[in-house]
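The values are calculated or read from the model by the stated rules, or taken from the named source; none is laboratory data. Note that the structure is predicted; figures quoted are calculated from it, not measured. Because the Cβ atoms are built from the backbone with ideal geometry, glycine has one as well, and the counts that use them run over all protein chains shown. In case anyone asks, the SASA skips ligands and DNA or RNA and just uses the protein heavy atoms, side chains included. Shrake-Rupley method; radii C 1.70, N 1.55, O 1.52, S 1.80 Å.
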Amino acid sequence: MQKTILGLLASLAACGAVQSAEVTTAMLNSDAKDTKSVLSFGMGTEGQRYSPLTQVNTKTVAGLVPAWSFSFGGEKQRGQESQPLIHNGKMFVTASYSRIFAVDLKTGAKLWKYEHRLPDGIMPCCDVVNRGAALYGNLVIFGTLDAQLVALDQDTGKVVWKEKVDDYAAGYSMTAAPLIANGTLLTGVSGGEFGVVGRVEARNPMTGELLWMRPTVEGHMGYRYDKDGKEIANGVTGTVNKSWPGELWKTGGASTWMGGTYDASTGLAYFGTGNPAPWNSHLRPGDNLYSSSTVALDVKTGQIKWAYQNTPNDSWDFDGANEFVTFDMNGRRYGGKADRNGFFYVIDARDGKLQNAFPFVRKITWASSIDLKTGRPNFVAANRPSDPTKGNGDGKKGSTVFAAPAFLGAKNQMPMAYSPQTGLFYVPANEWGMDIWNEPISYKKGGAFLGAGFTIKPLFDDYIGALRAVDPKTGKIVWEAKNNAPLWGGVMTTAGGLVFYGTPEGYLKALDAKTGKELWKFQTGSGVVAPPVTWEDGGVQYVAVVSGWGGAVPLWGGEVAKKVNFLEQGGSVWVFKLATKI
Ligand code: CA
C-alpha cells in the first residue's frame, strides 16, 4: 500500500503535476542553478552567490527601481546582516534581536513574524545580528542570540521544534544561517571571545534530534548519537591534544560562528573556525588546532576529513571563520577563502592540499608570505605582540605593535561571490591596521577571555573598504572599487555580467563584473551590511537586499568607528526590478 502511494507521488512529481512546497535535498543541491528560488545562505550551499539570471544586465541595470520595501519595525534596530530566502511565494528574512519575518513576495505584505524571547544577559560579541535562516521540508530554521535553534512552519510561523544548543551565560550565541547538507542540519556556535568551545552539530532538520557533534578544538572528542540520544559506542572521532599547553584546550575558542558551506560533489561540509582563546598567544604556545582553520567534515559521521590552518598560534584575532567557496578550476574542485589574516587561499576541496595563497590587501605585517610547500606562514617575529610577563615592564602590559590587517580583518563576515562566467572572486576587503598589546588573563565563565588591548586605525586617508576582483589562478587583483567606509555587506554576481554589493553609506551598487565600472546605485536609507540575492518570478528578475547599519565596526572599530559614527541605524528589506513603461 505504502509503496503504491509513493509510486504514485513519484510519477506525479516526475510529470510535473505536483509542484511541492516542501524543500527537498534535490532542490537544495540544485539551488545555485534554480533561478525561481533562493533556498540557502550562499545562493546554493557551495556559497558562490552567482545567479544565471540575465534580464538585469550591464545594459539594463540602469533601469532598476524599487518594487517594494518592508520595515522590520519596532524599537529594535542595530546591525542587519541577514540574507533573505525566497521560496513558494514567500520571502523569509531574519532581523536583529533574533527575529524572523515571512513576507509576501508579490506585495511585500507581512505574512507572519516570530520574535524570539531573549533573556537578559545574552553575550553577543559583535552586535545583536542574525545572518539568515535555512529551509527544509515545510520548515524554516534559524539560530538565536541565546544559543537556541528554532524551527517554524513556513506557512503559519508556528514553532514546530526548539532546541537549546548551549549556555548563553557561558558566552555561547548563534548568529550564522544554519546549513542543510544532504538532509542534515549543520550548525556552529559563536562566542570565541568568551572561551567557548567551537563545534559543528548535525541534527535531523524535521525534529531537531542530535545526530553527531564534532568540536573544533583538538582534545575534545566528537560523538555520534542513536535515536534515543545515547552515544554510539564506535562513533567517537577526534585525537588527544598535542598542540595546546596544559588545560587551555578546555576553553580554546575556535568558534564556528560563520556556519559552513557544503559541496554535494565532495560530500564534505566546510566550516571556518575562529581565534584560539585567549588572544594572548604567549599563554598557549603551539599551533592550537583547529583554531583559525578550515575544517572539512564528513556530513554522515562528523569526522574531520582534513583541516588547513590559516593562522597557527594566532595572536591577532585572525578568525579563520570566513567561508570556503568551492569552484572548478583546471578540471579540479577547489575552494577559495579570503581569510581575515589578509591572504587568499586556494585549496583542493577533496584533500585540503594548498594550491595557492596570495595577499588580497595592500598591507600585511604578521607574515611575509605563505610557504606553498609546507602550507605554513612565514611569520615576521618582530610583529607579534610581546609576552607581558617578559622584558622590563611591570608584567601587566606587553609591547605595543602596529599590526595589519586589524583584528576586524582584511575580510570579515561579509561573504564574497564567485562568477564561473569571469572566473573571478569578488571580495569585499578592508584596509586597516591596529595597535595591539598583550595583557595577563585567566578564564572566568561569562567573562571576556582576551588578554589583549587594541585600537583600530585606518591605513589610508581616502578609503578603508575595497571591493576587489581576484583571479584565483594568478593571484592578481583584476580591478578594485574603493569605498570610504569599511565594507561590511556581502556580494552577489550574475550571468548578466554584474556584481552587486552594499555600502555602510547606504547604497546598493551594481558594477560591471569585468571592469568594476559602477553602473547603478540606490540609497536604501541606512547602511547595508548584508548580502543581496536575486530570483525570477513570472518572467521578472528581482534583486533584494537588507538595509540596517551596525555590526562589529561601530562597537569595536576604534578610530574607524569615530569616522563612521554619523551613519544612522535602520531595519528593512528592499526589493528591486526593472522599470516597466505604463
Ligand atoms: Ca574572534
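Of all residues in the stretch 429-484, those satisfying the criterion of being small (Gly, Ala, Ser) and over 14 Å from Phe407 (Cβ atoms) are Ala429, Ser442, Gly446, Gly447, Gly465, Ala466, Ala469, Gly475, Ala481.
Against the list (1) part of a strand (DSSP E or B); (2) at pLDDT below 95; (3) of a type in the set (Asp, Glu), the condition Glu201 fails is (2). The residue of the stretch 59-110 that is nearest to Trp549 (Cα to Cα), among those that are in a loop (DSSP other than H, G, I, E, B) and of a type in the set (D, E, K, R), is Arg78. For Gln77, the conditions (1) more than 26 Å from Leu498 (Cα to Cα); (2) polar (S, T, N, Q); (3) surrounded by fewer than 18 Cβ atoms within 10 Å (Cβ to Cβ) all hold with the exception of (3).
Checking each residue of the stretch 516-529 against the condition of being open to solvent by 10 Å² or more (accessible area, probe 1.4 Å), at pLDDT 95 or above, among the basic types (Lys, Arg) and touching a Gly at 6+ places or on another chain (Cβ under 7 Å) gives no match. Residues in the stretch 178-194 that are more than 10 Å from the ligand (Cβ to nearest atom) and part of a strand (DSSP E or B): Leu179, Ile180, Ala181, Thr184, Leu185, Leu186, Thr187. Selection over the stretch 129-168 of residues that are part of a loop (DSSP other than H, G, I, E, B) and buried (at least 22 other Cβ atoms within 10 Å of the Cβ) gives a count of 11.
Here Pro312 does not qualify as in contact with a Leu (Cβ under 9 Å, 6 or more places away or on another chain) and within 13 Å of the ligand (Cβ to nearest atom).
Listed here are the residues, each with its yes/no results for (1) in contact (Cβ under 8 Å) with a residue 60 or more places away in the chain; (2) open to solvent by 40 Å² or more (accessible area, probe 1.4 Å); (3) on the phi < 0 side of the Ramachandran plot; (4) under 18 Å from the mean Cα position of the chain (by Cα).
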position: Lys33; (1), (2), (3), (4): no, yes, yes, no
position: Glu46; (1), (2), (3), (4): yes, no, yes, yes
position: Leu53; (1), (2), (3), (4): yes, no, yes, no
position: Val56; (1), (2), (3), (4): yes, no, yes, no
position: Lys59; (1), (2), (3), (4): no, yes, yes, no
position: Val103; (1), (2), (3), (4): yes, no, yes, no
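Among the residues of the stretch 315-344, those that are within 17 Å of the chain's Cα centre (by Cα), over 19 Å from Glu480 (Cα atoms) and away from the ligand (no atom under 16 Å from the Cβ) comprise Phe324, Val325, Thr326, Gly335.
For the stretch 345-366, a residue qualifies if it is open to solvent by 10 Å² or more (accessible area, probe 1.4 Å) and among the hydroxyl-bearing types (Ser, Thr, Tyr), and exactly one does: Thr365. Looking at Val217, is it in contact with an Asp or Glu (Cβ under 9 Å, 6 or more places away or on another chain), within 16 Å of the ligand (Cβ to nearest atom) and either free of Cβ contacts under 8 Å to residues at least 12 places away in the same chain or aliphatic (A, V, I, L, M) (or both)? So Val217 fails the test. There is at least one residue in the stretch 112-123 that is assigned to a loop (DSSP other than H, G, I, E, B), closer than 24 Å to Trp549 by Cβ and either free of Cβ contacts under 8 Å to residues at least 24 places away in the same chain or within 16 Å of the ligand (Cβ to nearest atom) (or both).
Can you name every residue in the stretch 486-505 that is surrounded by fewer than 22 Cβ atoms within 10 Å (Cβ to Cβ) and farther than 23 Å from Thr60 by Cβ? Answer for the stretch 486-505, where residues must be surrounded by fewer than 22 Cβ atoms within 10 Å (Cβ to Cβ) and farther than 23 Å from Thr60 by Cβ: just Glu505.
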